[in-house]
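Worksheet for the structure shown next.
The values are calculated or read from the model by the stated rules, or taken from the named source; none is laboratory data. As the structure is a prediction and not an experimental result, all values here were calculated from the model. Please note: Cβ atoms are built from the backbone with ideal geometry, for glycine as well, and neighbour counts cover all protein chains shown.
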Amino acid sequence: MRILFLCHAFNSLTQRLFVVLREEGHEVSVEFDINDALSVEAVEVYVPDLIIAPFLKRAIPERIWRYHTCFIIHPGIPGDRGPSALDWAILNREKTWGVTVLQANEEMDGGDIWASMEFPMRFATKASLYRNEVTQAAVEAMLLAIQRFQSRQYKPLPLDYSAPAIRGQARPPMPQADRAIDWQQDSTEVILRKIHSADGFPGVQDKILGKELFLYDAWEERRLQGRAGELLARCGPAVCRATRDGAIWIGHLRDKNDQHPFKLPATWLLGEQINDLPETQANTQEAYPEIWYEEEDQVGYLYFNFYNGAMSTTQCERLRDAYRKAVQRDTRVIVLMGGNDFWSNGMHLNIIEAAQSAADESWRNINAIDDIALDIITTESKLTISALRGNAGAGGVFLARAADEVWTHEAVILNPHYKDMGNLYGSEYWTYLLPRHAGKENAQRITQARLPMGIREGLDLGLIDAVLTRTKSTFIGNVKQRARELASDPAFENRLAHKSRIRKADEQRRSLQSYRDQELERMRMNFYGFDPSYHVARYNFVYKVPKSRTPLTIALHRRTGEKHRSVP
Ligand code: COA
């Protein structure tokens, strides 16, 4: 089928559905919901068999839904309506939640139901639930709805609130008042739930040290205690704040009145005001769980759960220290576990944007990532694995490829390109790693592409070596089993020797330093040269400037400009 996506942005859910449908043999074109006229024009030009709205903030114009079947993917159970579906589900302690595919009509979220899928709720942020459970349920519900649509036999169910199966209800947008924290009264669990319900957007509005701020990235602290509301400690980017029955860590804040009104590490925004707070070391899952290390059966597991997968210079330095310590341990395999939602998304664009010199900070940041990549590539005493629990983007993909093997599960999406960030050339030794693992031809294809990639393509192109499980839930168990097998493999020493021989031969052919120098020369031009594209693209990304047109890479219908048929 020819399927047109109408969406607010090409976000992670939209990307996953896009990849799945293309793998199923459908043709998919994308139009951003910029205004009604452009959406109508897209439908006229493309003449789709089906329209899907995976992530839409406005109603579909009547001129479209009246003449075309339009599926709306709603992140709520049947009957649920409104723009704060997950926010309410979290605050209301729903035990299960779901995704519904309904047909667009004159009532927002009120159309006939084509399919729905439920999942157990996890105590996690809204964004994390969205990227994991909601996305997986959306894939399954969408495929079922399409199968029903293609059968031409299925009649979608009208929304009938008197039916026992309809558990949801219409809910208003959630105001700040509903998640406002009362530090004297609310328990730790309630405070975490409130912050989770607004993370990644809009954040919970609160006051810290007299400043109006939005809170994100909250975690429970199990040991520290103090007077409710008081700041107790700092750890990496986070500050610890006492609750009436414990304490929490807050990793990120946003100050809408600041010169940099976007999310930044809490310690950055609070600055000198928190200089006197005691520093807590975080190298376990306790405290602020950013970087931690575990060991089992001669395998070391290094977790780096950076918020949004963004890796700043200091985070890279901390990670490199942790990696170096892991290499010193008496183990045979190191598994780089990344974060739960993202393995890595490369340089920390928000911190770069807020730096005094964005060019200098970009330079420091890319060098710090390169230093980690170098350590991984040159690890001779162990086999190294990147285990992708979540998606990876830009430099994060190439950093993963620095390990000997890359393992994933089927729900992972890769964005192995930098071009959308103002034609950034990229580094992380990709000019060495891609031809080495993917071959010259595939390396070319990977770097030319600007599309999200599913695991099938990733395997074909040599970005991934093994897909261990269908879903994420069983992935860690499988990673551990396979890593254990690798560590106890009788051929382990041979494999290590083989790896070392290849590295030496590669180094003789061309040194890693020369790859790095050449990549960084190009990056220097991106950061300091006359062409400001990277700085403009980064600004637009960090400030979330809405796109004024859909990129031609995904808007197939806009490539030819050919008009097929008019919407009546
Ligand atoms: N630096 C800072 N923040 C980043 C980031 C980065 N490198 N990558 C992602 N984020 C943030 C986004 O701003 C967004 O923030 P929010 O919580 O305020 O909404 C959040 O992470 C999720 O990103 P989003 O773009 O919504 O996720 P996605 O899954 O839809 O898309 C990417 C993933 C990787 C395609 C996209 O985030 C991206 O292009 N990131 C930039 C990658 C990059 O160019 N890195 C620098 C070169 S190495």
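Selection of segment 237-264 for residues being within 18 Å of residue 315 (Cβ to Cβ) and either among the basic types (Lys, Arg) or crowded, with 18+ Cβ neighbours inside 10 Å (or both) yields 237, 238, 239, 249, 250, 251, 252, 253, 263, 264. If you go through segment 70-87 and keep only what is out of contact with any helix residue (DSSP H, G or I) (no Cβ under 6 Å at 6 or more places or on another chain) and in a loop (DSSP other than H, G, I, E, B), you end up with 77, 78, 79, 80, 82, 83, 84.
Every condition in (1) buried (at least 18 other Cβ atoms within 10 Å of the Cβ); (2) in a strand (DSSP E or B) holds for residue 318 except the one numbered (2).
Determine, yes or no, whether residue 300 is away from the ligand (no atom under 16 Å from the Cβ), modelled with pLDDT of 95 or more, small (Gly, Ala, Ser) and surrounded by 22 or more Cβ atoms within 10 Å (Cβ to Cβ). So residue 300 passes the test. Filter segment 336-354 down to residues that are within 10 Å of the ligand (Cβ to nearest atom) and part of a helix (DSSP H, G or I) and give me whichever is farthest from residue 493 (Cα to Cα). It comes out as 353. Restricting the search to segment 426-463, which residues are crowded, with 19+ Cβ neighbours inside 10 Å and within 17 Å of residue 512 (Cα to Cα)? 426, 427, 428, 429, 430, 431, 432, 433, 434, 437, listed by residue number. When restricted to residues that are more than 15 Å from residue 560 (Cα to Cα) and more than 30 Å from the chain's Cα centre (by Cα), segment 29-48 contains 2.
Residues that are within 11 Å of the ligand (Cβ to nearest atom) and not hydroxyl-bearing (Ser, Thr, Tyr) were ranked within segment 355-369; the one that is farthest from residue 544 (Cα to Cα) is 369.
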